[in-house]
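Visitor: Input: one structure, supplied below.
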Amino acid sequence: MPRVLFVFLDGVGLGPATVDNPLATLDLPAFERMAGGQRWTADLAPIRQPRHVVVPIDATLGLEGLPQSGTGQATLFTGENAAAAHGRHFGPYPPTTVRPLVAEASVFAQLAAAGVPPERLAFANAYPDRFFRVVEARGRWTVTTLAATAAGVRLRRAGDLAARRALPADLTGETWRRLIDPAHAVQTEAEAAHDLAALLDDHRFVLHEYYLTDKAGHSRDPARAAEVLGSLDRFFGALLDALPPDVLLVLSSDHGNLEDLGTKSHTRHPVPLVAWGPGADAFAEATSLLDVTPAVVGLWTG
Ligand SMILES: [Zn+2]
């Protein structure tokens, strides 16, 4: 049974290869490597091989309007249609109607129910103390922090980051140094990739969440998009080389955004699903956000 590393990118869709699509215009060798030498656009030809799957999956979930992070992530990380349950797309936080689903049926909860001890499940992101103050004051759980906490998977903090047992949200830690701790040492994306891969030494399932892609999409700023995608590409280049052979990398998103800088809003484009490594073929028939968590959990229960 493979160990699984799930890298979640917020707001990355597969859109037409226009001048407004940085995934079409930028040179991103690691992204292309993960797609069998193709750019991440609507023209991408699906790959369904035993150890490598790349398919576009639907993020609209049968509803009108623009997909949002709250219901999209709740769907991605539970396998249940949270947007339909809520009656519409909602975000960025999970609506109260959907919180019990996220708390009780997340991929973390399902893996724990399948017999993986919670201490073998990891959510790799580091959260600063101010995050916990905001959660306590306003109840602003995100889908992933709620899913992890409810399943007994602890949120990592400054001490874990200092010990290189957690990743800063921007991978390099520049934001952490600027906003949280001026003494924090920044790192390269390659060092972040190695730290993430090292978490798999003592975990069976590791999740990392990256949301600057969505922020860059909202900014409509091509320079910002190039910065974020260049940083991610350096990260993935190192990560693909650092992963042990028995680790399955799963990568997906919750909705489109960054692939169309012509609009500051989300898009209805499909999102990428990449599975790279042993067991990848379990994801070959996925067609929507609904299919990702069942395929992950099926690696243990199937
Ligand atoms: Zn957004």
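The values are calculated or read from the model by the stated rules, or taken from the named source; none is laboratory data. No experiment lies behind these values; they were computed from the predicted model shown. We place every Cβ from the backbone using ideal geometry, glycine too, and count neighbours over all the protein chains shown. The accessibility values were calculated without ligands, DNA or RNA, using every heavy atom of the protein model including side chains. Shrake-Rupley method; radii C 1.70, N 1.55, O 1.52, S 1.80 Å.
Visitor: Compute a Gaussian network model of the chain, connecting alpha carbons closer than 10 Å, and tell me which residue from Pro245, Pro100, Pro50 fluctuates the most.
Guide: Taking springs between Cα atoms under 10 Å, the residue moving most is Pro245.
Visitor: Show the residues, 5+ positions off or on another chain, whose built amide H is closer than 5 Å to the amide H of Ala169.
Guide: Result for Ala169 returns Ala126.
Visitor: Enumerate the calculated ³J(HN,Hα) couplings along the stretch 274-281 in order (Karplus 6.51 cos²θ - 1.76 cosθ + 1.60, θ = phi - 60°), each rounded to whole Hz, writing x wherever the residue is Gly or Pro.
Guide: 10, 10, 9, x, x, x, 4, 5
Visitor: What are the residues whose amide H is under 5 Å from the amide H of Thr267, where those residues sit 5 or more places off or on another chain and H is modelled from the backbone?
Guide: Gly256, Asn257
Visitor: Also, quick follow-up: Using θ = phi - 60° and the Karplus form 6.51 cos²θ - 1.76 cosθ + 1.60, what ³J(HN,Hα) does each residue of the stretch 183-198 get, whole Hz, x for Gly and Pro?
Guide: 8, 5, 7, 6, 9, 7, 4, 5, 5, 4, 4, 5, 4, 5, 4, 5
Visitor: Moving to a separate point now. Under a plain spin-label model, where a point goes 7 Å from the Cα along Cα-to-Cβ, how far apart in nm are Glu32 and Phe132?
Guide: 4.5
Visitor: Give the value in nm², to one decimal: projected area of the alpha carbon convex hull of the stretch 200-302, averaged over all directions.
Guide: Mean projected area for the stretch 200-302: 7.1 nm², to one decimal.
Visitor: Which length gain, in nm to one decimal place, applies between Ser219 and Ala183 when the Cα-Cα distance is subtracted from 0.36 nm times their residue separation?
Guide: 10.1 nm
Visitor: Considering only C-alpha atoms, what is the centroid distance from the stretch 1-75 to the stretch 122-179, in Å?
Guide: Comparing the Cα centres of the stretch 1-75 and the stretch 122-179, I get a distance of 25 Å.
Visitor: Using modelled backbone amide H atoms (1.01 Å from N, in-plane), which distant-in-sequence or interchain residues come within less than 5 Å of Leu273's amide H?
Guide: So Leu273 has HN proximity to Val55, Ile57.
Visitor: Rounded, prolate or oblate: which one fits the stretch 1-109, using the alpha carbon gyration tensor with axes a ≥ b ≥ c (rounded when a/c is under 1.5, else prolate when a/b beats b/c, else oblate)?
Guide: oblate
Visitor: A follow-up question, please. Express in % the proportion of alpha carbon pairs of the chain at distances exceeding 27 Å.
Guide: Pairs farther apart than 27 Å: 36 percent.
Visitor: I need the shape label for the stretch 107-262. Rule: rounded when a/c is under 1.5, else prolate if a/b > b/c, else oblate, with a, b, c from the alpha carbon gyration tensor.
Guide: Rounded, because the longest to shortest axis ratio a/c is under 1.5.
Visitor: Which whole-Hz couplings ³J(HN,Hα) result when phi for each residue of the stretch 263-271 is put into the Karplus expression 6.51 cos²θ - 1.76 cosθ + 1.60, θ = phi - 60°, listed in order with x for Gly and Pro?
Guide: 9, 8, 9, 5, 10, 9, 5, x, 10
Visitor: While we're on this one: In percent, what relative contact order does the chain have, based on Cα pairs under 8 Å that are 6 or more apart in sequence?
Guide: 35
Visitor: Given the convex hull over the Cα atoms of the stretch 41-157, what projected area results after averaging over all orientations, in nm²? Could you put the intermediate results ahead of the total?
Guide: Working: hull surface 36.9 nm².
So the Cα hull casts an average projection of 9.2 nm².
Visitor: According to a simple spin-label model (label point 7 Å from Cα along Cα-to-Cβ), what is the distance in nm between Arg157 and Thr301?
Guide: 3.3
Visitor: Please calculate the 1.4 Å probe accessible area of Glu136, with all protein chains present, and give it to the nearest 10 Å².
Guide: 150
Visitor: Assigning unit charges at the beta carbon (Lys, Arg +1; Asp, Glu -1) and nothing else, what dipole magnitude in debye, to the nearest 20, does the chain show about its Cα centre?
Guide: Computed about the Cα centre, the dipole is about 680 debye.
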